[in-house]
Amino acid sequence: MTNNNMYFIANWKMYGNLSSITTLKSIKIFSKTRKLKKTKIIYCPPYTLLRPFVDTLKSSTIKVGAQNCHHQTDFGSFTGSINAKMIKSLGCSYVILGHSENRREGENDKIINLKIKSAIKENLKVIFCVGETLKEKRKNKTKIVLKKQILNGLKNISKFNNIIIAYEPVWSIGSGKIPASKDLDNIVIFVKSLLRKRSRLKNIKILYGGSVNTKNIKELSKIRSINGFLIGGASQKTKNFIDIIKKTIN
Ligand code: 13P
């Protein structure tokens with residue numbers, strides 16, 4: 001059995017500038033291999049690089065997404081913000097929402113729910129991030145936290161075909177630590193069954209994110225319940241990102 005229908009999403013966070021575009025050359029070539037026909041590769045650079053990324057990648061199957069958006073779909077007086085319509089108009093197809101680094105800055109479930117609705121309205125695919133903190137994990141509250149984040153984030157939403165969930169334990173992001181395979185499998189299965197009950201949708205995709213790298217990917221890719229990876233630091237070096245994809249699909 002191969003893993004070739006997986007998602008590989010590069011979240012560049014607040015890194016990169018125009019010269020980073022040159023690093024896309026090798027992944028553009030790599031993405032054309034036959035083995036990757038069903039594989040979804042998505043780049044989420046900072047807002048400033050969305051258009052150059054869209055332009056550079058347009059002759060490939062690699063898609064581009066934003067890392068956040070404002071919850072209001074219409075234009076408005078929101079200094080420093082951009083909305084889903086603007087992101088869509090740049091040629092992007094995805095947006096990451098609910099990332100813990102934005103929750104940490106005050107984004108709550110209610111705002112995230114509005115953002116998801118506005119993104120869906122603009123036909124963007126949503127990468128909806130959820131995850132527990134170390135404190136919550138230690139108190140055995142992981143499933144309670146995930147259930148709350150998911151049910152609140154998806155409140156009054158009935159169309160799920162444009163939503164992908166990314167399970168990103170906060171304690172794992174940037175720490176080099178990943179959950180034990182058995183625990184991770186158990187959590188992904190829990191989230192899938194929660195969503196099945198909530199939406200009767202059988203094939204919602206669940207990704208894992210948090211310290212994914214070229215060393216631990218072999219172990220992570222053995223967990224069959226996972227449909228792909230949301231990768232921060234290791235995605236900024238194209239060679240490593242390609243290596244992670246290769247090691248997963250082979
Ligand atoms: P790292 O892969 O750097 O731990 O970041 C994960 C993440 O936050 C992706 O959204």
Counted residues, region 1-37 - those being surrounded by 12 or more Cβ atoms within 10 Å (Cβ to Cβ), assigned to a helix (DSSP H, G or I) and not basic (Lys, Arg): 8
Provide a single number: the residues in region 147-187 that are closer than 19 Å to ILE217 by Cβ and away from the ligand (no atom under 13 Å from the Cβ). 7
Please enumerate the residues belonging to region 219-239 that are surrounded by fewer than 18 Cβ atoms within 10 Å (Cβ to Cβ) and within 16 Å of the ligand (Cβ to nearest atom). GLU219, GLY233, LYS237, LYS239
Hey, could you check region 38-59 for residues that are of a type outside the set (Lys, Arg) and assigned to a loop (DSSP other than H, G, I, E, B) and say which is farthest from SER89 (Cα to Cα)? THR39
Residue check, ASN156 at positive phi and either among the polar types (S, T, N, Q) or touching a strand residue (DSSP E or B) at 6+ places or on another chain (Cβ under 9 Å) (or both): yes
Out of everything in region 160-184 that is polar (S, T, N, Q) and part of a loop (DSSP other than H, G, I, E, B), what residue ends up being surrounded by the fewest Cβ atoms within 10 Å (Cβ to Cβ)? ASN161
Applying the selection to region 190-217, what residues are in a helix (DSSP H, G or I), more than 16 Å from the ligand (Cβ to nearest atom) and either surrounded by fewer than 17 Cβ atoms within 10 Å (Cβ to Cβ) or not charged (D, E, K, R) (or both)? PHE190, VAL191, SER193, LEU194, LEU195, ARG196, LYS197, ARG198, SER199
What do you reckon, is ILE187 over 30 Å from ASN17 (Cβ atoms), out of contact with any Pro (no Cβ under 6 Å at 6 or more places or on another chain), modelled with pLDDT under 95 and surrounded by 13 or more Cβ atoms within 10 Å (Cβ to Cβ)? no
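Mind listing just one residue for me: the one in region 95-118 that is crowded, with 24+ Cβ neighbours inside 10 Å and of a type outside the set (Val, Ile, Thr) and, of those, nearest to the ligand (Cβ to nearest atom)?
My answer is HIS99.
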Members of region 119-145 that are surrounded by 17 or more Cβ atoms within 10 Å (Cβ to Cβ) and either under 17 Å from the mean Cα position of the chain (by Cα) or among the hydrophobic types (A, V, I, L, M, F, W, C) (or both): ALA119, ILE120, LEU124, LYS125, VAL126, ILE127, PHE128, CYS129, VAL130, GLY131, GLU132, VAL145
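I need a count of the residues in region 137-159 that are part of a loop (DSSP other than H, G, I, E, B) and not hydrophobic (A, V, I, L, M, F, W, C). Full working, then the answer.
Step one: list which residues in region 137-159 are part of a loop (DSSP other than H, G, I, E, B), which gives 139-141, 154-159.
This time we only want the ones that are not hydrophobic (A, V, I, L, M, F, W, C), so: 139-141, 155-156, 158-159.
Here the count works out to 7.
The values are calculated or read from the model by the stated rules, or taken from the named source; none is laboratory data. Note that the structure is a prediction, hence the values are computed from the model and not measured. Methodologically, a virtual Cβ is constructed for each residue, glycine included, from the backbone with ideal geometry; neighbour enumeration extends over all protein chains shown.
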